[in-house]
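Engineer: This is the structure, below, for whatever I ask next.
The values are calculated or read from the model by the stated rules, or taken from the named source; none is laboratory data. What you are looking at is a predicted structure, and each value in this text was computed from that prediction instead of being measured. All Cβ positions, even for glycine, are placed from backbone atoms using ideal geometry, and neighbour counts span all protein chains on display.
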Amino acid sequence: MTTPIAPVAPSELSTLAVNTMKFLAIDAIEAAKSRHPGLPMGAADVAYVLWARYLRHDPANPQWRDRDRFILSPGHGSMLLYGLLHLSGYELALDELKNFRQWDSKTPGHPEVHLTPGVEVTTGPLGQGFANGVGMAIAAKMAQARLPGLFDHHIWALVSDGDVMEGVAYEAASIAGHLKLANLTYIYDANSITLDGGLDEAFDEDVAARFEAMGWRTETIDGHDHAQIAAAYDAALAQSEKPTLIVARTHIGHGAPNKHDTHKVHGEPLGKDEALATRKALGWTEETFTVPDAVRAHFADRARVMADERARWEAHEAQWLAGHAEHAALYQALCDRAVPADLLETLLAKLPPTNDATRALAGAIEQIVASVMPSLVGGDADLGGSTKTPIKGSDKVAPGRFEGRNLRFGIREHAMGSIANGISLYGLFVPFTATFLTFSDYMRPPIRLAGLSHIPAVHVFTHDSVFLGEDGPTHQSVEHVSALRLIPNVDVWRPADSAECAAAWVAAATRRDGPTELILSRQKVDVLPGDPTVRGRHAARGGYVLVREEMGTPAVVILSTGSEVSVAVEAARRLHVEDGIQVRVVSMPCLEVFNRQDAAYRASVLPAGARRASFEAGRTDLWWRYVGLDGLTLGVDTFGASAPGPVLGEKYGLTADHVTAHLRAWLRGA
């Protein structure tokens, strides 16, 4: 409801706007009877000054390429952001605020980037938004280096006590300081209160000193003093040497007479009595969801200014393109994140011919993808020599040098995954990351958020099973492939040869609605039977018939992935030659893609009536879906051991001799 409360003097307008933001949050949270009014009330001042005077954005065009980005890293304070989006003129009606945290609303409990216009990042797990912003700042620098003079925007975030306690924020802040990301300003809502009590019960670090040690510029202000807030923002924008952390001392639940500065206001609604007391204390109407006319007009004026700003930039963009014809094709390719339509055929025509490790085969294929896909950028966790992923002929990104395509993340897997999400969300690049599969444990939070947020990112994981050998069970992945497959909207590829590596890389490069995991071997794989070009086309469907029975219906179908497929082929040959059994071998490089095929295709690959067995050097649990309760699952359901790979193959029954024996005994009913 738009209602004038009283005539408003210009000097009082900012206070009125801040109180509007506070009460939109209070009212929505009271209506939902659920969670977190403290941050929206305590951070309203720093957020208002930013949005009303500094943030460059256009509600009429949320994807304006030269906009500033704003990230609410403590996503539990989502009503602060929703109130700002509504007031600023985004497509977020007041009814959506009234429907906060309800089914099918655009105002979920934590912001979701694919759901609500104006939300840049899905946040909630603390520290993730912090690291995403670092990725966006890196992407902005990379864009400026490739398209000089076109862009000039800034990355802003509101971060919390909880964010700066999380390890991923420390990892990401270290990278930001190292790269001197002066286009990054974080406002630290330092209210010294956590959900369960005072911050000092668990945390008493000098946060500013820690960030200064990591190469950040810091400043401490009163987070409720608009003059100090504006001066800090001006100072951050005026310098070009370091990222900035503004430590804003605030009061959680600011304005609530009895819950101000208490942990109760962090995660619980004010309650009817305290909400009424707050209204009286701040001179606010008892009518809920009130927006004064003056505040509406104030934000509408800002929207008009921003629309003019965008129009000026679009004119600049046209002039820039006219004067930089050599950049036009690159700009379009980056905007589209373009991939050649014939990429799969190109890769299949240039397949590495050897029976190398799939990490090496996929690495060679990646080079071809990179040569025709300028948006592909990425890096590794200090393991490029092992993962075979650095893009050849391209420089490494370094302080002041962002033209390159290779990122050195250091030994920071958690931040690597989260920064990659930010790079992808920036909108011009498709990032890849690379590390050993066992360290996917450190990346699970950003992978999960990539799936939830429909983020196109590629995660290369090498050294994929007990065949890693002597490094032992700490580095041998047994459960990790299954763990990744359990995350919704994540495609997990475990290719068996170069043709399947080509299909996997094409799927990864072209996917735009979620992340792709490439699971690759350290050990060499055998060359599979059949025409690799045909096989690559079939592999693109996630699962296909590799070895077909000679006649009739197969007695058994063996499903396998990765380096174990060639062993399955040999076991099938022996069963056919020595026992006369009709055997089909199905290679299943990506279960998720196979599951998305139509029912007729799936039935043609896995015919009814045939017994089924699976074989993969990892946990067997998920294979029951495909083989049925009367099927056979062969794999490794314990931790590995330190020994040479071939020895482990014998000990864990992963050889053709063992697999053949198991299948033979099972088929005979033993």
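Engineer: Taking the criterion of being part of a helix (DSSP H, G or I), touching a His at 6+ places or on another chain (Cβ under 9 Å) and within 21 Å of S375 (Cα to Cα), would at least one residue in region 511-520 satisfy it?
Structural biologist: no
Engineer: Kindly indicate whether any position in region 444-455 is in a helix (DSSP H, G or I) and over 30 Å from T116 (Cβ atoms).
Structural biologist: Looking through region 444-455, none of the residues is in a helix (DSSP H, G or I) and over 30 Å from T116 (Cβ atoms).
Engineer: Looking at (1) among the charged types (D, E, K, R); (2) over 30 Å from Q63 (Cα atoms); (3) assigned to a helix (DSSP H, G or I), which is the one condition that is false for E205?
Structural biologist: Only one criterion in (1) among the charged types (D, E, K, R); (2) over 30 Å from Q63 (Cα atoms); (3) assigned to a helix (DSSP H, G or I) is unmet by E205, namely (3).
Engineer: Which numbered condition in (1) assigned to a helix (DSSP H, G or I); (2) under 20 Å from K180 (Cβ atoms); (3) over 21 Å from the mean Cα position of the chain (by Cα) is the only one that G422 fails?
Structural biologist: Status for G422: all satisfied but (3).
Engineer: In addition: Test of understanding: among P292, P269, which residue is assigned by TED's automatic domain parsing to the domain that holds G83 and closer than 30 Å to G198 by Cα?
Structural biologist: Of the residues listed, the single one that is assigned by TED's automatic domain parsing to the domain that holds G83 and closer than 30 Å to G198 by Cα is P269.
Engineer: Another one. Output the number of residues of region 239-285 satisfying the condition of being in contact (Cβ under 8 Å) with a residue 40 or more places away in the chain and in a helix (DSSP H, G or I).
Structural biologist: 7
Engineer: Just to be sure before I move on: is A232 farther than 17 Å from A190 by Cα, of a type in the set (A, V, I, L, M, F, W, C) and in a helix (DSSP H, G or I) in the structure I sent?
Structural biologist: Spelling it out, it is not the case that A232 is farther than 17 Å from A190 by Cα, of a type in the set (A, V, I, L, M, F, W, C) and in a helix (DSSP H, G or I).
Engineer: Still on this model: Can you tell me which condition V339 does not meet? The list is (1) crowded, with 18+ Cβ neighbours inside 10 Å; (2) assigned to a helix (DSSP H, G or I), and all the others hold.
Structural biologist: All conditions are met except number (2).
Engineer: What number of residues within region 645-670 are in contact with a Gly (Cβ under 6 Å, 6 or more places away or on another chain) and at pLDDT 95 or above?
Structural biologist: Here the count works out to 1.
Engineer: Condition check: modelled with pLDDT of 95 or more, in the same structural domain as T433 (by TED's automatic domain parsing), assigned to a helix (DSSP H, G or I) and of a type outside the set (S, T, N, Q). Does A496 satisfy that?
Structural biologist: So A496 fails the test.
Engineer: Considering every residue within region 355-372, establish whether at least one is surrounded by fewer than 19 Cβ atoms within 10 Å (Cβ to Cβ) and in a loop (DSSP other than H, G, I, E, B).
Structural biologist: Checking region 355-372: at least one residue is surrounded by fewer than 19 Cβ atoms within 10 Å (Cβ to Cβ) and in a loop (DSSP other than H, G, I, E, B).
Engineer: Between a first residue in region 80-92 that is assigned by TED's automatic domain parsing to the domain that holds A60 and buried (at least 24 other Cβ atoms within 10 Å of the Cβ) and a second residue that is in a helix (DSSP H, G or I) and among the aromatic types (F, W, Y), which pairs have beta carbons less than 6 Å apart while being 6 or more apart in sequence or on different chains?
Structural biologist: The qualifying pairs are L84/W51; L87/F299.
Listed here are the residues, each with its yes/no results for (1) closer than 14 Å to V585 by Cα; (2) at pLDDT below 95.
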| position | (1), (2) |
| --- | --- |
| A608 | no, yes |
| R611 | yes, no |
| A617 | no, no |
| W624 | no, no |
| V636 | no, no |
| F639 | no, no |
| A643 | no, no |
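Engineer: Follow-up question, since we're still on this one. Of everything in region 342-354 that's part of a loop (DSSP other than H, G, I, E, B) and not hydrophobic (A, V, I, L, M, F, W, C), which residue is nearest to the chain's Cα centre (by Cα)?
Structural biologist: The qualifying residue nearest to the chain's Cα centre (by Cα) is D342.
Engineer: Hand me the list of helices (runs of 4 or more DSSP H) wholly inside region 576-670 holding 1 or more residues that are within 32 Å of the chain's Cα centre (by Cα) and in contact (Cβ under 8 Å) with a residue 12 or more places away in the chain.
Structural biologist: 591-595, 599-605, 624-627
Engineer: Further, regarding this structure: So the check is Cβ under 7 Å with 6+ separation or different chains; which pairs have a first residue in region 437-462 that's without any contact (Cβ under 8 Å) to a residue 60 or more places away in the chain and a second one that's hydroxyl-bearing (S, T, Y) and surrounded by 20 or more Cβ atoms within 10 Å (Cβ to Cβ)?
Structural biologist: Matching pairs, first to second residue: T438/S477; A457/S424; H459/T433; F461/T435; F461/S440.
Engineer: Related question: Condition first: within 19 Å of G267 (Cα to Cα) and surrounded by 22 or more Cβ atoms within 10 Å (Cβ to Cβ). Now tell me which residues in region 191-221 satisfy that.
Structural biologist: N191, I193
Engineer: Moving on to the next point. List the number of the failed condition for M165; all other conditions in (1) without any contact (Cβ under 8 Å) to a residue 60 or more places away in the chain; (2) more than 21 Å from the chain's Cα centre (by Cα) hold.
Structural biologist: It fails just one condition, (2).
Engineer: When you check D598 against the structure, is it at pLDDT below 95, out of contact with any helix residue (DSSP H, G or I) (no Cβ under 6 Å at 6 or more places or on another chain) and at negative phi, yes or no?
Structural biologist: Against the criterion (at pLDDT below 95, out of contact with any helix residue (DSSP H, G or I) (no Cβ under 6 Å at 6 or more places or on another chain) and at negative phi), D598 does not qualify.
Engineer: Restricting attention to helices (runs of 4 or more DSSP H) lying wholly within region 12-57, give those where 3 or more residues are among the β-branched types (V, I, T) and either touching a residue at least 12 places away in the same chain (Cβ under 8 Å) or buried (at least 24 other Cβ atoms within 10 Å of the Cβ) (or both).
Structural biologist: 13-32
Engineer: State whether the residues of region 374-383 include one that is within 27 Å of A328 (Cβ to Cβ), surrounded by fewer than 24 Cβ atoms within 10 Å (Cβ to Cβ) and more than 19 Å from the chain's Cα centre (by Cα).
Structural biologist: Within region 374-383, one or more residues are within 27 Å of A328 (Cβ to Cβ), surrounded by fewer than 24 Cβ atoms within 10 Å (Cβ to Cβ) and more than 19 Å from the chain's Cα centre (by Cα).
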